[in-house]
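Below is one structure; the comments refer to it alone.
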Amino acid sequence: MALPLRNIIASFCLTFRIGVIVLVNMPDLLLYHVSDTLREVLEPPNDKRPLFYWYCDRLFSHYGLIEYVYFCVINPRKQNIALRSRSNAQDFDGLHKDFVYYRDFCDGKTELTYAEPGIAMSFSRITPTITLRATDPENTDTQYEIMEPEQFSAKPFSVLGDQQRPIKFSQIPELANYLKDCIPVKEIRPDEDGRFLYEDWLPMTTTKGGVWL
């Protein structure tokens, strides 16, 4: 059973008699970027439009299977990675709720005919934690292999299951050990007001408000 996020936070905190909670550590976030271009560092080509990252517990792409998948396991505040979610609220709560809608769609718990995971946008430079490479990008049944870091290398594995449905990262042995403790692979619950909170979220500040298409 998933624990409320505040319980997860509490496990990483020290509480003093005066009631002040000092945050020691937070679970990392998992974002991933898909591309047909091999990169060592992820960043937008200019300052006109940020780079987009999927926020999800399984692989998603508008364009079918992509040649490279870049997993970024990050703590935004500690690594100075400013983010904005492409949601109405533009915050972590909106980002995670978009993921929940997509997860429920994949699990057949909604009447929606289409849904997407959460999308995070950033102008920050991010070094991928894990880079996957498709073994046969022209084949819809292609498998993936871990390209970087080399010490994580494993035999090729599938990211799609029956009827081409995406497999949860937690159910892919080659990825599970590295991603299982990251949100949203690690399930969290909302607070009493129905909001999903993440204390180390770092909001992106730009002259242009709103979101990019």
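The values are calculated or read from the model by the stated rules, or taken from the named source; none is laboratory data. Remember, it's a predicted structure, so these values are computed and weren't measured experimentally. Ideal geometry is used to build each Cβ from the backbone, glycine not excepted, and the neighbour counts take in all protein chains shown. Surface accessibility is based on the protein's heavy atoms, side chains included, excluding ligands, DNA and RNA. Shrake-Rupley method; radii C 1.70, N 1.55, O 1.52, S 1.80 Å.
Just a few scattered comments:
- For segment 81-126, a simple Cβ point-charge model (Lys and Arg +1, Asp and Glu -1, everything else neutral) yields a dipole of about 240 debye relative to the Cα centre.
- Probe 1.4 Å, all protein chains present, accessible-area order of 110, 127, largest first: 127, 110
- Cross-link reach list, lysines versus residue 155, counting only Cα pairs under 20 Å and skipping chain neighbours closer than eight places: 168, 180
- 5 angstrom amide H check on residue 160, placed H, neighbours 5+ away: 167
- Stretching the chain fully between residue 192 and residue 107 yields a gain of 28.1 nm (0.36 nm per residue, less the alpha carbon separation).
- Note on segment 18-139: with charges restricted to the Cβ of Lys and Arg (+1) and Asp and Glu (-1), its dipole about the Cα centre is near 440 debye.
- Comparing 157, 126, 110 along the charge dipole axis of segment 86-164, the residue lying farthest to the positive side is 126, per the Cβ-charge model.
- For segment 79-213, size of Cβ-based charge dipole, Lys and Arg +1, Asp and Glu -1, in debye: 260
- Overall form of segment 53-145 per C-alpha gyration tensor (a/c, 1.5; a/b vs b/c): oblate
- Scanning residues 5 or more positions from residue 148 or on other chains, those with amide H under 5 Å from its amide H are 131, with H placed 1.01 Å from N in the peptide plane.
- Look at where the Cα atoms of segment 178-199 and of segment 41-57 average out, and the two centres are 22 Å apart.
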